[in-house]
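Read-outs: derived from the displayed coordinates by stated rules, not from any lab. Just so we're clear, the structure is a prediction, and the values are computed from it rather than from any experiment. Note: ideal-geometry Cβ built from the backbone for every residue, glycine included; neighbour counts use all protein chains shown.
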Amino acid sequence: MSFDLFQLVPAVYRLRDAQLAQTMQLLTPAEQADLNTLTAQSLTTQLSSDQQAQLTQLTAKASRGPLQSLLMVIAEQIAAVEYDLAQLYDDQFIETCAQWVIPYIGDLIGYQSVHGIAPSIDNPRTEVATTISLRRRKGTVLVMEQLARDVTGWGAHAVEFFRVLADTQYMNHIRLANHYAPDLRRWQPGLYIDTGFDLTAHKVDVRRIASGRGRYNIQNIGIFLWSLGAYSITDAPATAAATNAGTGQLCYRFSSLEMDIPLFHRAVSQGEEITSAAEPFNVSDRLRRRVLCTDLERGVGAQYYGTNNSLVLYLNSEPLNPYQIQVANLSGADGSWANLPTTNLYAAVVDPELGRIALPPPSAGSSAPLLTVSYFYGFNADMGGGEYSRSSGFVVTNDEWVVPFPDPRYATLQDAINYAIGQFPLNSTIAVEVAGSTTYPIAGPLTVDLPAGTTLELRAADLSRPTLMLDGEIDLTGDATSTFILNGFVVAAAANMIPGSGTPPAALLHLSALRPGGTISLLEKVNLTHCTLVPGWSVATTGAPTQPSAPAIIVEPSTVEVIGQKAIVGAIRASALASINFCDSIIDATDPTQVAYAALDGASGGGSLTLTGCTVVGKVHAELFAMISDSIIWAALAAADKWVSGLVADRKQQGCVRFSFIPVNAVTPRRFECVEQALASPMPLFFSLRYGHPAYAKLLPATDDSIRRGASDGSEMGAFHFVLAPQRESDLQIRMQEYLPVGLEFGLIYQT
């Protein structure tokens, strides 16, 4: 308040109150001791700001009488009333109201609270304010499109299906673009048919759209969703086909693993407020041949091709202009691709649907040019490494202890690691940071042996996704209380890395039992974060694993704990006393009948296993399931299999399996709210279980709700539990009811 009540009291009462204060002991013994100490100290030295504040507070309390103390309590209550009166006007507006008022304003306008998964609606104040703004356009299709985009955080497009009905038109409202038959002279109708951008006329569908079956009817509105994201790869070398030397052709692939992948295009934002309906370039989707071909004809006005767009090719570090590129179907086996260029009319031929590039044959005596590319690929979430931000998880934040690579000081990555290990006497935590999204061939085994009490972080630089192409395993050992962290890499085997050739590599990552000197490895912890150890070691051009039965990780020491976070790895073999803990990850043995987790012999029980929000493809046998939660174990038995089930725990008296899908006849400790595989019972439905597919390990929306909404928090089981896709759907369904015109129905239709 603006005045002191005690100063309004007559002076005689203030004097009497002060006299009473002098006769009373108002401080506790501890407070009196502090006051005496500070008073004596102030006479000889300068007090700090905190000490001076404490001295002032204690002095005031010691001289404050009972009347003054009473009036101070009354003044506090008067100040609270004064604040409420001053805030009363501000509480009329959502922008300035107090936090506790927000639900009441929301209730006045009929706002229904949602989970707030997407960043655009995670603030209740902003969401209520946006609701007030959208109410001015309530019932329009653009509002519903904006709701779908903001609430889910995915690409979205709303379609009024009555606009594409093949019916007799009202003469006072002629729709000239709505032809009964499609225009076969144009390619767009065929490419976009049955998608969110389909303008072809359709017959009436009397099934209800809310059931997910019907579409085209007068009262139906379709909300099309693109849930896959487009992830960038910047300035990476194109991967030459293995057959180039024999054929004389210059054939390349975008993928660093030399497999065919569909290219995606990034979504161009419609702005904070949507004022026009989404176009195909406003959502992240596959980049089609005809779409790219038409785009290249625009030259500098291209939306998909060019620097800072979705695709660009560089020859000898110079970007090709759109008129130097031809789009063609380059399908066919390596060495016999279709439509290979024979002249230099175009500098490059691109097939975005297969992720292939072909260059004209080089002239006699000239070498092949350096071809680098920037492009986007599709995936469901930030997992397995990529050009998304990971810096918040970095352990080493002081640049003084970060060893960069590549660097003129080190010829190889092994040299950089050896240099970092040599710096451990000066600091116990050091990082080796690899820059760029290029491919680094690693000759021979990559050996890491850590001293006692040290931590080595081998990480990709933020916003980078390097690929380590091994021709020998990563051999990891260490002394007591040492830790190794692998962050942000894609690790795969080169073509010459084959089990049983020479000194046979056993796995991509091998935690050996013995250190190089012959002593026992006492490595304490290995952390795999945002990285991929390619299932099956590597992939063929078709995406099939090259070594489907080879494990990606072998854990021999009994003292070590292996932790995986948002990682994709192949099969794991672990000693009985090791500890394996994975969260929000995929463990893929390449086939449900293969062994995803077991002991070193591949059959008996491996060490203690903890899975939280994971998808496991393959059989699992562990000594102990410490905890399996919100996970999917997708396993099956082969015809001559000796396993009793695809999921076996040797110790059933300890541990827990909860909110998970498990194989038939699983041998587990106590269960809670699990779904067991059985004939005619719900099962997970995957888009694909082949690594490299854009929808790898992603559940179909048609998956039964006991699995798709069966996790502990109502989300889906499996590796993409953290995406919270069902909650996003629920949020959208709640919000759509507020804006849907009377008598209309809507349905959610996934495009990716």
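Arranged by the count of other C-beta atoms within 10 angstrom, fewest first, what order do 604, 464 take?
604, 464
Calculated from DSSP H runs of 4 or more alone, at -39500 (n - 2.57) each and per residue, what is the 222 nm mean residue ellipticity of the chain, nearest 500?
After summing the helix terms and dividing by residue count, I get -6000 deg cm²/dmol.
Let me know the shape class of the range 5-90, please: from the alpha-carbon gyration tensor, a ≥ b ≥ c as square roots of the eigenvalues, rounded when a/c is under 1.5, otherwise prolate if a/b is greater than b/c, or oblate.
The shape class here is oblate.
Under a plain spin-label model, where a point goes 7 Å from the Cα along Cα-to-Cβ, how far apart in nm are residue 104 and residue 745?
4.1
Take the residue pairs 566/652; 203/698; 138/698; 566/619; 138/203 and return only those whose Cα atoms are more than 25 Å apart.
Where the Cα-Cα span goes over 25 Å, the pairs concerned are 566/652; 203/698; 138/698; 138/203.
Sorted by packing (mean other beta-carbon atoms within 10 Å per residue), highest first, where do 219-230, 671-682 land?
Going from most to least packed, we get 219-230, 671-682.
Given the range 435-563, what whole percent of its Cα pairs are spread farther than 22 Å?
Tail fraction, whole percent: 35.
Starting at the first residue of the range 38-44, write each ³J(HN,Hα) from the Karplus equation 6.51 cos²θ - 1.76 cosθ + 1.60 with θ = phi - 60°, in whole Hz, x for Gly and Pro.
My calculation for the range 38-44 gives 5, 5, 5, 5, 5, 7, 10 Hz in order.
Please report how far the C-alpha centroid of the range 10-83 lies from that of the range 428-485, rounded to the nearest whole angstrom.
A separation of 61 Å, based on Cα centres.
From the backbone phi of the range 164-180, what are the Karplus-calculated ³J(HN,Hα) couplings (6.51 cos²θ - 1.76 cosθ + 1.60, θ = phi - 60°) in whole Hz, Gly and Pro given as x?
In residue order, the calculated couplings are 10, 8, 8, 9, 6, 7, 6, 5, 7, 9, 7, 9, 5, 7, 9, 8, 5 Hz.
Taking 0.36 nm per intervening residue step and subtracting the Cα-Cα distance, what contour gain separates residue 389 from residue 345 on full extension?
Contour length minus Cα-Cα distance gives 11.8 nm.
Once the piece of chain linking residue 4 and residue 78 is laid out straight, how much longer is it, given 0.36 nm per residue of separation minus the C-alpha distance between them?
Contour length minus the Cα-Cα distance gives 25.5 nm.
For residue 203 and residue 12 in one chain, what is 0.36 nm times their gap in residues minus the Cα-Cα distance, to one decimal in nm?
Going from the current span to full extension adds 59.2 nm.
Could you sort 420-432, 72-84, 686-698 so that the peptide with the highest average Cβ count within 10 Å comes first and the rest follow in order?
For the peptides 420-432, 72-84, 686-698, the packing ranking is 686-698, 420-432, 72-84.
Looking only at Cα atoms, what is the convex hull volume of the range 565-695 per residue, in Å³?
Taking only Cα atoms, the range 565-695 has a hull volume of 100 Å³ per residue.
What ranking of 63, 585, 645, 49 emerges when the number of other C-beta atoms within 10 Å of each C-beta is taken as an exposure proxy, fewest first?
Ascending number of Cβ neighbours within 10 Å: 49, 63, 645, 585.
Along the range 226-231, what does the Karplus equation 6.51 cos²θ - 1.76 cosθ + 1.60 (θ = phi - 60°) give for ³J(HN,Hα), rounded to whole Hz, x for Gly and Pro?
Calculated HN-Hα couplings, in order: 10, 8, 6, x, 9, 10 Hz.
Considering only DSSP beta bridges whose two residues both sit in the range 483-547, what percent are antiparallel, to the nearest 5?
Taking every DSSP beta bridge within the range 483-547, about 20 percent pair in antiparallel fashion.
Rounded, prolate or oblate: pick one for the range 145-246, where a ≥ b ≥ c are the square roots of the eigenvalues of its C-alpha gyration tensor, a/c under 1.5 means rounded, and failing that, prolate if a/b is larger than b/c, else oblate.
The shape class here is prolate.
Angle, helix 66-90 long axis vs. longest principal axis of the chain, Cα atoms, 0 to 90°, nearest 10?
Once rounded, one gets 40 degrees.
Pairing the Cα long axis of helix 413-422 with the longest principal axis of the chain, what angle in degrees results, from 0 to 90 and rounded to the nearest 10?
30
Please give the direction-averaged projected area of the C-alpha convex hull for the range 491-609, in square nanometres with one decimal.
7.7
From the P(r) of the range 229-379, could you give the percentage of C-alpha pairs in the tail past 20 Å?
Everything past 20 Å amounts to 46 percent.
Mind checking the angle between helix 141-152 and the chain's longest principal axis? C-alpha axes, 0 to 90 degrees, to the nearest 10.
Between helix and principal axis, roughly 80 degrees.
Order by neighbour count: 16, 266, fewest other Cβ atoms within 10 Å first, most last.
Taking fewest neighbouring Cβ atoms as first place, the list is 16, 266.
In the chain, what percentage of the DSSP-assigned beta bridges are antiparallel, given to the nearest 5?
Approximately 25 percent, going by the DSSP bridge assignments.
Please give the peptides 625-634, 517-526 ranked by average Cβ packing (other Cβ atoms within 10 Å per residue), highest first, as a rough proxy for protection.
Descending packing order for the listed peptides: 625-634, 517-526.
Give or take rounding to whole Å, what are the principal axis extents of the alpha carbon atoms in the chain, in descending order?
Between the extreme Cα coordinates on each principal axis of the chain lie 109, 90, 60 Å.
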